[in-house]
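Undergrad: There's a structure below that I have some questions on.
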Amino acid sequence: MNVVAGVLAGEIAAGARLIRWLEDTDPRGRSALAELFGRTGRAQLIGVTGPPGAGKSTLVDALVGECRRRERKVAVIAVDPTSPFSGGAILGDRVRMQRHATDGGVFIRSMASRGEFGGLARATYDAALVMDAMGYDPVIVETVGVGQDEVEIATLAHTTVVVSVPGLGDEIQAIKAGVLETGQVFVINKADRPGVEELRRQLELMLHLRAQGAAPDDWAPPLLSTVATRGEGVSALLDAVFEHGRYLTAANRFAPRLGARSERVLLAEFGAGCVRRLLDTSRSDAALAELLDAVRGGRIDPYSAVARLLESTTIATAAS
Ligand SMILES: Nc1nc2c(ncn2[C@@H]2O[C@H](COP(=O)(O)OP(=O)(O)OP(=O)(O)O)[C@@H](O)[C@H]2O)c(=O)[nH]1
Ligand SMILES: [Mg+2]
């Protein structure tokens with residue numbers, strides 16, 4: 001099977017294989033992606049984030065159902081909650097998502113947390129590109145809003161849906177600040193629970209404060225409520241999300257979102273590549289090996305060592 005042709009034809013097996021290659025940093029993945037890249041940039045990437053147990057998966061599942069009713073091909077990236085904050089829920093997610101398992105218009109992928117910093121964000125970016133090239137639109141990414149990786153992923157999305165729930169105490173505190181400031185659609189899930197009014201007041205205040213620093217043509221984030229388990233409010237939520245997609249397109253901000261993301265990937269990958277090369281070089285370069293040894297031995301602080309590296313010709317050769 002030609003993977004590129006398969007992905008462009010929307011074949012799930014081809015897409016799954018390419019995503020696996022990319023996760024494993026198999027060189028075939030990068031070259032296939034290079035061929036596909038021109039066919040990306042169409043899908044609206046929707047991040048769904050919020051505290052553990054907020055009902056994100058239930059909500060995503062309901063959004064998938066709503067997309068299918070509207071005859072949209074929809075993909076989901078579920079970031080495996082391997083963090084201690086939310087153990088165990090992924091199994092439930094899988095069971096719930098099973099009802100879409102035989103529907104070719106739905107493509108669901110789980111991503112496990114990577115050891116390296118930012119690895120999860122990159123794997124998500126890669127998978128989203130593949131799904132986009134396969135013709136899925138929207139692509140929904142579910143993340144638990146607790147870590148830096150999650151904020152990274154939220155900033156990857158065209159539209160970030162911030163889910164909060166009543167009854168956690170200081171609800172606003174449970175949402176990562178970066179996400180609160182950048183979210184485009186706010187939703188109170190579990191609106192069948194007590195405490196909805198208090199939470200609504202908190203969120204309205206936050207949005208009010210945010211609006212004071214906004215330009216007149218900036219998007220005004222709506223505040224909605226849902227009962228995901230019963231599908232209530234889900235259609236209105238999807239409307240709001242698509243409305244934001246149209247806003248971005250009209251304001252010429254749709255493509256730049258992904259472009260900015262690609263630029264960050266470039267810089268991160270370039271940095272990692274330089275470090276790899278530097279370490280390789282250190283095997284044959286005595287001065288460099290000595291400097292690394294001095295840092296390990298505590299004879300020089302790492303910042304001074306970096307300054308020395310940047311001045312030396314070694315790094316210039318290593319990076320070229
Ligand atoms: N009462 C009520 N319960 C809900 C609602 N939405 C989800 N739940 C329940 O809340 C629990 C957690 O739902 P999940 O969808 O797994 O939540 P999550 O945010 O994906 O959880 P993690 O991925 O572990 O962070 C489940 O038992 C759901 O049935 C709702 O609107 N009302
Ligand atoms: Mg979940």
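Undergrad: Grab the Cα-Cα distance for E181 and I12, subtract it from 0.36 nm times how many residues apart they are, and report the gain in nm with one decimal. Please list the in-between numbers first.
TA: Details: separation 169, 0.36 × 169 = 60.84 nm, distance 3.56 nm.
Extending this stretch completely gives an extra 57.3 nm.
Undergrad: Given +1 on the Cβ of Lys and Arg, -1 on the Cβ of Asp and Glu, and no further charges, what dipole in debye does the stretch 166-269 carry about its Cα centre, rounded to the nearest 20? Mind dumping the intermediate values first?
TA: On the way: 12 positive and 14 negative charges, 43 e Å.
It comes to approximately 200 debye.
Undergrad: Another question, if that's okay. What distance in nm separates the simple spin-label points at R246 and D192, each placed 7 Å from Cα in the Cβ direction?
TA: Those two pseudo-labels are separated by 3.1 nm.
Undergrad: Which of A220, V265, L207 sits farthest toward the positive end of the charge dipole of the stretch 196-274, with +1 on the Cβ of Lys and Arg and -1 on the Cβ of Asp and Glu?
TA: V265
Undergrad: Which FRET efficiency value, to the nearest 0.05, do you get for L279 and A220 by plugging their Cβ-Cβ distance into 1/(1 + (r/R0)^6) with R0 = 51 Å? Let's see the in-between values first.
TA: Values: r = 49 Å, r/R0 = 0.96.
After rounding to 0.05, the efficiency reads 0.55.
Undergrad: May I pose another question? Of the peptides 287-297, 65-75, how do they stack up when ordered by the mean number of other Cβ atoms within 10 Å, highest first?
TA: Details: 287-297: 13.9, 65-75: 17.5.
The most tightly packed comes first, giving 65-75, 287-297.
Undergrad: At 1.4 Å probe size, with every protein chain present, just tell me what the per residue accessible area of the stretch 210-320 comes to in Å².
TA: Values: 7010 Å² over 111 residues.
With all protein chains present, the stretch 210-320 gives 63 Å² per residue.
The values are calculated or read from the model by the stated rules, or taken from the named source; none is laboratory data. Owing to the predicted nature of the structure, the values given are computational and were not obtained by experimental measurement. Heads up, the Cβs are rebuilt from the backbone with ideal geometry, glycines too, and the neighbour counts pull from every protein chain shown. These area figures cover heavy atoms from the full protein model, side chains too; ligands, DNA and RNA do not enter into them. Shrake-Rupley method; radii C 1.70, N 1.55, O 1.52, S 1.80 Å.
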